[in-house]
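Peer 1: For reference, the structure I am asking about is given below.
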Amino acid sequence: MTPAEFARRELFEKIGITNGRIGTDEVGQMTMAWGIELTAREFARLGLLYLNEGTWDGERLLPPGFVAEAWAAGDDPNPAYGLMWWRNTEDDFLMPVTLVERSGVRFF
């Protein structure tokens, strides 16, 4: 089973992502960093999975502690990047960026 097939069976199908596509490179390796295609609703399902610390309908899909580790600051040279997540928080955004505030919401 390829990593993409595993992700589809063990994660996507369990949280209701049915049309998602995971890209692969020229040798068939999964390119999650830039090659995932989902609808906005499907991405929202991933967000809900993370907000629920890796559980979906009472079933643990991600190992305990994984979500906290994924959102933790990365190492130098870019602490704004965790495990596949752009953090860009007020304390660790990657320069050069522009801070814009609109209706009380801060955008980097």
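Peer 1: Consider Glu10 against the criteria (1) crowded, with 16+ Cβ neighbours inside 10 Å; (2) touching a residue at least 40 places away in the same chain (Cβ under 8 Å): it satisfies all of them except one. Which criterion is unmet?
Peer 2: (1)
Peer 1: Thr39 is checked against (1) modelled with pLDDT under 90; (2) over 21 Å from Val67 (Cα atoms) and fails just one. What number does that condition carry?
Peer 2: Every condition holds for Thr39 apart from (1).
Peer 1: Report, ordered by the first and then the second residue, all pairs with beta carbons closer than 9 Å, sequence separation of six or more or different chains, a first member in the range 52-69 that is part of a loop (DSSP other than H, G, I, E, B), and a second member that is among the β-branched types (Val, Ile, Thr).
Peer 2: Every condition considered, the pairs that remain are Asn52/Val67; Glu53/Val67; Gly54/Val67; Asp57/Ile15; Leu61/Ile15; Leu61/Thr55; Leu62/Thr55.
Peer 1: Restricting the range 64-87 to residues that are open to solvent by 80 Å² or more (accessible area, probe 1.4 Å) and at pLDDT 80 or above, which is nearest to the chain's Cα centre (by Cα)?
Peer 2: Trp71
Peer 1: What's the total number of residues in the range 19-40 that are exposed (fewer than 10 other Cβ atoms within 10 Å of the Cβ) and under 22 Å from Gly54 (Cα atoms)?
Peer 2: Of the residues in the range 19-40, 3 are exposed (fewer than 10 other Cβ atoms within 10 Å of the Cβ) and under 22 Å from Gly54 (Cα atoms).
Peer 1: Could you list, in sequence order, the residues of the range 13-51 that are touching a residue at least 24 places away in the same chain (Cβ under 8 Å), of a type in the set (A, V, I, L, M) and either in a helix (DSSP H, G or I) or over 18 Å from Trp86 (Cα atoms) (or both)?
Peer 2: Correct list: Ile15, Ile17, Met30, Leu46, Leu48, Leu49.
Peer 1: Please enumerate the residues belonging to the range 18-49 that are over 21 Å from Met1 (Cα atoms) and of a type in the set (Asp, Glu).
Peer 2: Scanning the range 18-49 gives a single hit, Glu42.
The values are calculated or read from the model by the stated rules, or taken from the named source; none is laboratory data. All values reported here derive from a predicted model rather than from experimental measurement. Cβ sites come from the backbone with ideal geometry, for glycine too, and all protein chains shown count toward neighbours. Note: areas computed on protein heavy atoms with side chains; ligands, DNA, RNA excluded. Shrake-Rupley method; radii C 1.70, N 1.55, O 1.52, S 1.80 Å.
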